[in-house]
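Report on the following structure.
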Amino acid sequence: MKSKFISLILILIFIITFLIFYKGLKNSNIYTPNTNLEKEVPSFELKSFENDSIIISEKIFENNNYYFMNIWASWCIPCKVEHEFLMKLKNNEKIKLIGLNYKDNFKNASSFLNDLGNPYDLIVSDRDGTASIEWGAYGVPESFLIFQSKIIKRFIGPIKNEDLLEIQKLIR
Amino acid sequence: MKFIYTFLIVINILNFNLLKADEIKTENEIAKNLRCLICQGQSVYDSDSEFAISLKLVIKNKIQQGMSEEEIYSFLKMKYGEWILYDPVFNKNTYFLWLLPILIFLVGGAIITRKFYYKK
Amino acid sequence: MASLIGSYSLSFGLFFSVFIIFFSVRNLRDTKILDKKIISFTFTQFFFVVTSFFGLIISFINSDFSNETVFNHSHTTKPLFYKISGTWGNHEGSLLLWLLVLTLFISIFLIKSSQQPKNYRIFTLLFQQIIIIGFFIFLIKTSSPFNYLFPTPNEGLGLNPILQDPALAIHPPILYLGYVGSSIIFSSALAAMVTSHVSKEWAKHIKQWVLASWVFLTLGILLGSIWAYYELGWGGFWFWDPVENVSLMPWFALTTLLHCIIVLEKKKILTSWAMILSIATFALSMSGTFLVRSGILNSVHTFANDPERGLFILIFLFTLIFLSIFIFIFFHSGKDKKENNFFWLSKETSILVNNWFMMYFLSVVLIGTIYPIFLEVITTNKISVGPPFYNKLILPFLIPFLIAMAIGPNLNWVKSDFKDKFYMMIFFTISFLLSALIIKQFDINFLVNTILVTSAFFLFFSTLREFFVKRFKNLSQNIAHFGFSLLILSILFNNIFSNEVITNLKIGETFKTEKFTINFENIDQEDEKNFKAIIGKFNIQYLDGSSDILNPELRIYNQPNIITSEADIKTNLFTDKFMTMNYVQNQEYFNIRYQVKPFMIWIWISVLLITFGGSLSFFNKRYEI
């Protein structure tokens, strides 16, 4: 009787385990962070891209304006893919584009912009990648939509056309 | 407490190298306890990805700014979520994780001792 | 052509399962002797799988890119050795290898078990056929290694360069010998229950299989670990990565079984426990396959993630588990109750204590590995379980485990006294003083580390003494236990004494620590057949005036286009010096990792000693308990 009871429990445990593994199979094992979190913009102090003057984050983000901060690098291939969408976004006057140049050198980065066009209103450079960590970023490319000093939406990986439409909807 | 602080500062001034060695040690310790988020099952310490190299730099800077190990963990947890910590926090999500093995150990011990006899 | 033959052989092999099952079932009632046809059919099936496997190897050697597997994992410029090892360096080929070993082992089993009852042999064959059929279908349906590609590509995609390594070339076959060996234990345990053959004779006969699987599994894990150390360039040998864990879990179960079967062989007690362990060992091997191949876990080993494959193994695995639970409940009678009590101090008890701790370690690893999956499914929270968790839960329990391991083998069966109390006390005192002296030198937690090192030293000295006292009696066990003490000691010292630096250096720069100075002197470039090498020259100077030159490499492979870093390792008996150099995007500096790792080589040696102990017991019964 007792052993029957134990076996029954055992079978139950295995059935539950099976179901959980079955569901687990469908989950992705790649980390996907929440992209809709409202978070304060982290403050930073970075060198400007063009010259060595220091730019403080508080000076950049004014309250009643939309900002689109894009982490990019000339060596990053997906960045080339998303570039055309950034150029389209540049035409929208309601939003300002901030570029965060990630682990790049000036020469390569400026020839990248010369070739493909410069969508940014302002570029700051993150030579060693530490500022991106403060933003909770994973790598390049990654972008943040900012309003009233808050991150309202986050885009991991290159921007696609749908993302562009979504941004235009959000800032209307 | 104050005594220890002054003592530490004196050591600080006298022996910069020693402190540096300690810093390296904590730095490595912290990096080993963090998951490299863009890698497959690697710690930040083990990984050589751009993300991991930058994160190691951040850890180094934070230590030099005087942040403690715990503060760095909570800073990163805030930025990246619990997924980044290799040492799971003990909370309601992880009660079973920490206690189930111990429970199994105790049950095992109980089963074995019930089979014993002591009389000679 | 070779692919075509391979593909057909596979189908023929599956077809032969029908014959084997048909004749086996008929033979169950008919005669007293095993039908010779069954054996020849089993060998024919094995022959077909071998043909299929060679078909794949030949496709790899000929770089036949009309075969999808070859196209995905090979390249014409690859050295012949890695073309061959590439055969099992991928999901499809490795499954074919599984199948090969499955059929090989059941053939060997049929030959070697001629002394055993006929029906027990047939049932073992039948249960094994269930597994074999499962793998055949899995292979043919979801992961055929012989998919045809048209038009035929001119060049393959190449094998990931980090897999092009001698240790990794033989790691999978050896590991699979261990995993698949456990399938024989599983089938024969089920068969023994069905035919009521759970006896001392059975234990004696299956112990050989347990030993063989255990030796191969241990060696397989060792090879994987060596590969990780030399090739991954992280400077460690064990990372508590899920894939490592899934190989460790069957190892724990198998080690437990190995000890438990000794009791069963001597006294015919603990039969139910031995059955559970036999089933668990294989179930754990299979769950390992599931966890790795389904991509459910985030791990270094990335096989192509395919939920369909995962689902198949999952259903197959649970079918086997439910089948074995069913057989256990309805066929197994725990008739050994009258003898089921032990005197608290006896060899039986000490083995039970071993089982107890082993099961605990197993549960820690098991829970740590699968808990995140459970949590995510139930609450959608994602957590990571890493080295700190395992260290915290395993290290404290290692202390009583080591001490019990030192005392246990000296106890008598049935009833015992503590023996050699005097020596034990002496050894313990020496161990403690020695450890305290060593640990005091370092700025680490004194109490925990001292006790840990003490218990490891205690086992070390006790087993060392037994070589002189017992001579050849229990030699195999003694060597294995001595090896284990050496392993724990080397791991502990490796951790405590290691010195590590990660820094960014430009050419010409130096980096100073209190113990050494690293001087980045220059870099060289070399062109090889399938990669370009950038070789750094580092001069490391130590306080005592000695110095080392280390040359870590960056390799830029052309097919596939991957940058890897090759560690430069200087090994001697006492310490390893380990250096890697990594490329950082758009910076003038390189990321340098330098580690001084003491007693590294002793970790490998001690595991070899452990397996040597096991093999000795396999080949020569004289040295057994």
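The values are calculated or read from the model by the stated rules, or taken from the named source; none is laboratory data. The shown structure was predicted, so the numbers you read here are calculated from the model rather than taken from an experiment. Heads up, the Cβs are rebuilt from the backbone with ideal geometry, glycines too, and the neighbour counts pull from every protein chain shown.
Among the conditions (1) in contact with a Lys or Arg (Cβ under 6 Å, 6 or more places away or on another chain); (2) not hydrophobic (A, V, I, L, M, F, W, C); (3) not in a loop (DSSP other than H, G, I, E, B), B:Tyr45 misses just one, which is (3).
Tell me which residues, restricted to region C:214-264, are touching a strand residue (DSSP E or B) at 6+ places or on another chain (Cβ under 9 Å) and either more than 12 Å from chain B (Cβ to nearest Cβ) or closer than 22 Å to C:Gly614 by Cα (or both). Answer for region C:214-264, where residues must be touching a strand residue (DSSP E or B) at 6+ places or on another chain (Cβ under 9 Å) and either more than 12 Å from chain B (Cβ to nearest Cβ) or closer than 22 Å to C:Gly614 by Cα (or both): C:Tyr230, C:Glu231.
Listed conditions (1) in contact (Cβ under 8 Å) with a residue 12 or more places away in the chain; (2) touching a Gly at 6+ places or on another chain (Cβ under 9 Å); (3) under 17 Å from A:Arg127 (Cα atoms) are all met by B:Lys56, apart from (2). Taking the listed residues C:Gly310, C:Gly334, the one that is at pLDDT below 95 and not in a helix (DSSP H, G or I) is C:Gly334, with no other qualifying. Candidates are the residues of region C:475-498 that are surrounded by 18 or more Cβ atoms within 10 Å (Cβ to Cβ) and among the polar types (S, T, N, Q); the one that is nearest to the other protein chains (Cβ to nearest Cβ) is C:Ser498. Within region C:406-449, the set of residues being more than 35 Å from the chain's Cα centre (by Cα), assigned to a helix (DSSP H, G or I) and under 26 Å from C:Ser346 (Cα atoms) comprises C:Lys421, C:Phe422, C:Tyr423, C:Met425, C:Ile426, C:Thr429. Taking residues in region A:3-17 that are at the interface with another protein chain (Cβ under 10 Å from one of its Cβ atoms), and partners anywhere that are not in a helix (DSSP H, G or I), the pairs with Cβ atoms closer than 9 Å and at least 6 places apart or on different chains are A:Ser3/C:Gly334. Considering only region C:192-210, I want to know if a residue exists there that is in contact with a helix residue (DSSP H, G or I) (Cβ under 7 Å, 6 or more places away or on another chain) and closer than 26 Å to C:Phe312 by Cβ. Checked region C:192-210: no residue is in contact with a helix residue (DSSP H, G or I) (Cβ under 7 Å, 6 or more places away or on another chain) and closer than 26 Å to C:Phe312 by Cβ.
Going by what's in this entry, would C:Val365 be described as more than 7 Å from every other protein chain (Cβ to nearest Cβ) and more than 30 Å from B:Leu99 (Cβ to Cβ)? For C:Val365, the condition - more than 7 Å from every other protein chain (Cβ to nearest Cβ) and more than 30 Å from B:Leu99 (Cβ to Cβ) - is not met. Criterion first (farther than 28 Å from A:Lys107 by Cβ, among the acidic types (Asp, Glu) and without any contact (Cβ under 8 Å) to a residue 60 or more places away in the chain) does C:Asp524 satisfy it? So C:Asp524 fails the test. Just one of the listed residues (C:Ile603, C:Ile569, C:Ile592, C:Ile540) is away from chain B (no Cβ under 13 Å), touching a Ser or Thr at 6+ places or on another chain (Cβ under 7 Å) and either of a type in the set (Ser, Thr, Tyr) or under 23 Å from C:Gln525 (Cβ atoms) (or both), namely C:Ile540.
Of all residues in region C:346-373, those satisfying the criterion of being part of a helix (DSSP H, G or I) and within 17 Å of B:Phe116 (Cβ to Cβ) are C:Lys347, C:Glu348, C:Thr349, C:Ser350, C:Ile351, C:Leu352, C:Val353, C:Asn354, C:Asn355, C:Trp356, C:Phe357. C:Ile370 falls short on exactly one of the conditions (1) within 21 Å of C:Phe239 (Cβ to Cβ); (2) more than 9 Å from every other protein chain (Cβ to nearest Cβ); (3) out of contact with any helix residue (DSSP H, G or I) (no Cβ under 7 Å at 6 or more places or on another chain), and that condition is (2). I'd like to know if region C:362-370 contains one or more residues that are in contact with a His (Cβ under 7 Å, 6 or more places away or on another chain) and modelled with pLDDT of 90 or more. Among the residues of region C:362-370, not one is in contact with a His (Cβ under 7 Å, 6 or more places away or on another chain) and modelled with pLDDT of 90 or more, which makes the answer no.
Name the residue that is farthest from C:Phe123 (Cα to Cα), counting only residues in region C:27-43 that are polar (S, T, N, Q) and surrounded by 19 or more Cβ atoms within 10 Å (Cβ to Cβ). Residue satisfying both the conditions and the ranking: C:Thr42. Being at pLDDT 90 or above, more than 20 Å from B:Ser49 (Cα to Cα) and surrounded by fewer than 16 Cβ atoms within 10 Å (Cβ to Cβ) is a description that applies to C:Thr571. Looking at region B:82-98, can you tell me whether even one residue there is facing chain C (nearest Cβ under 7 Å), in a helix (DSSP H, G or I), without any contact (Cβ under 8 Å) to a residue 40 or more places away in the chain and not aromatic (Phe, Trp, Tyr)? The answer is yes, given that some residue of region B:82-98 is facing chain C (nearest Cβ under 7 Å), in a helix (DSSP H, G or I), without any contact (Cβ under 8 Å) to a residue 40 or more places away in the chain and not aromatic (Phe, Trp, Tyr).
Selection over region C:49-79 of residues that are crowded, with 21+ Cβ neighbours inside 10 Å and under 19 Å from C:Leu14 (Cβ atoms) gives a count of 6. With a requirement of 3 or more residues that are within 13 Å of chain B (Cβ to nearest Cβ), the strands (runs of 3 or more DSSP E) lying completely within region A:54-162 that satisfy it span A:150-156.
Can you tell me which residue in region C:535-561 is surrounded by the most Cβ atoms within 10 Å (Cβ to Cβ), limited to those that are of a type in the set (A, V, I, L, M) and touching a Lys or Arg at 6+ places or on another chain (Cβ under 8 Å)? So, considering only residues that are of a type in the set (A, V, I, L, M) and touching a Lys or Arg at 6+ places or on another chain (Cβ under 8 Å), the one surrounded by the most Cβ atoms within 10 Å (Cβ to Cβ) is C:Leu550.
Let's see how each residue does on (1) at pLDDT 90 or above; (2) among the aromatic types (Phe, Trp, Tyr):
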site	(1), (2)
C:Leu168	no, no
C:Tyr176	yes, yes
C:Lys207	yes, no
C:Leu222	yes, no
C:Asn245	yes, no
C:Phe252	yes, yes
C:Leu270	no, no
